[in-house]
1. Does residue 96 qualify as being within 14 Å of the chain's Cα centre (by Cα) and either part of a helix (DSSP H, G or I) or crowded, with 20+ Cβ neighbours inside 10 Å (or both)?
2. So, in region 260-286, of the ones that are touching a residue at least 12 places away in the same chain (Cβ under 8 Å), out of contact with any strand residue (DSSP E or B) (no Cβ under 7 Å at 6 or more places or on another chain) and more than 24 Å from residue 174 (Cα to Cα), which residue ends up surrounded by the most Cβ atoms within 10 Å (Cβ to Cβ)?
3. Could you please find all residues in region 28-52 being farther than 24 Å from residue 129 by Cα and in contact (Cβ under 8 Å) with a residue 12 or more places away in the chain?
4. I need the full set of residues from region 53-93 which are under 18 Å from residue 12 (Cα atoms) and in a strand (DSSP E or B), in order please.
5. In region 204-259, what count of residues is obtained for those that are closer than 21 Å to residue 141 by Cα, at pLDDT below 95 and surrounded by 20 or more Cβ atoms within 10 Å (Cβ to Cβ)?
6. Against the definition (more than 19 Å from the chain's Cα centre (by Cα) and in contact (Cβ under 8 Å) with a residue 12 or more places away in the chain), how does residue 182 come out, yes or no?
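The values are calculated or read from the model by the stated rules, or taken from the named source; none is laboratory data. Computed from a predicted model, the values in this text were never measured in an experiment. Every residue, glycine among them, receives a Cβ derived from its backbone with ideal geometry; neighbour counts consider all protein chains shown.
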């Protein structure tokens, strides 16, 4: 079911739910510049089938959600996540964040701890930059060669027209999934088209990259987290190498790290059952 949720500053956030409202809530926070539908439908249904009320939503400046007139940092996106939970009348929830969405989840747990029952941080970090050419400020490694080569190709030869733009976007997702697992190009072509149908224009990525750059590293703050935390990280992540997940595990008290061999920055949709099992196992421990 779809819901429009009002933020404290008057924007509308597109939200979709799966499962029974009476079950414990799981909020899925997608990465920067990506709408909520990047969370696979199958993953949402599997978690809901195991007895959870699953919520995914579009960040401001993505998908069907409203555009902000002002610049912001990730704390604004964390406040949006809080608005979703409060707007749906859910109270506290388990929160799973992908990539930059994991940083948003960390900030939500820090700023509104009463809303967060547990954390799952997928391919995330305490410190990252919106510019792939700049290393993280805390000494963590920057993106690996596949990501840098993709960025260089786009800079040298920007796509012209809708077909080239589609191909470039699909190629980008292939870089994120990585070369160690099968890539279902048909699935990603369809997803890119669906994302484009919801797109808010070319400055979406710029806004989220700027929000990331305006956010100080979280390393010092997350040492104070008091929430059960599972870190899931691919051993072949080309954007936030494994050291980022290891740093989260090291700094967050009692966090657990699950390394996945062959996984890149984002899991392929056919891994939804595996990821769902990891998430649900963690939720049941808390």
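1. Values: within 14 Å of the chain's Cα centre (by Cα): yes; either part of a helix (DSSP H, G or I) or crowded, with 20+ Cβ neighbours inside 10 Å (or both): yes.
So residue 96 passes the test.
2. 280
3. Let us first name the residues in region 28-52 that are farther than 24 Å from residue 129 by Cα, namely 40-52.
Answer for region 28-52, where residues must be farther than 24 Å from residue 129 by Cα and in contact (Cβ under 8 Å) with a residue 12 or more places away in the chain: 40, 42, 43, 44, 45, 46, 47, 48, 49, 50, 51, 52.
4. Answer for region 53-93, where residues must be under 18 Å from residue 12 (Cα atoms) and in a strand (DSSP E or B): 55, 56, 57.
5. Going through region 204-259 one residue at a time, the tally reaches 1.
6. On the way: more than 19 Å from the chain's Cα centre (by Cα): yes; in contact (Cβ under 8 Å) with a residue 12 or more places away in the chain: yes.
Taking the combined requirement at face value, the residue satisfies it.
Conditions tested, residue by residue: (1) in a loop (DSSP other than H, G, I, E, B); (2) more than 15 Å from the chain's Cα centre (by Cα); (3) touching a residue at least 60 places away in the same chain (Cβ under 8 Å); (4) surrounded by fewer than 18 Cβ atoms within 10 Å (Cβ to Cβ).
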{"site": "103", "(1), (2), (3), (4)": "no, no, yes, no"}
{"site": "110", "(1), (2), (3), (4)": "no, yes, yes, yes"}
{"site": "128", "(1), (2), (3), (4)": "yes, no, yes, no"}
{"site": "146", "(1), (2), (3), (4)": "no, yes, yes, no"}
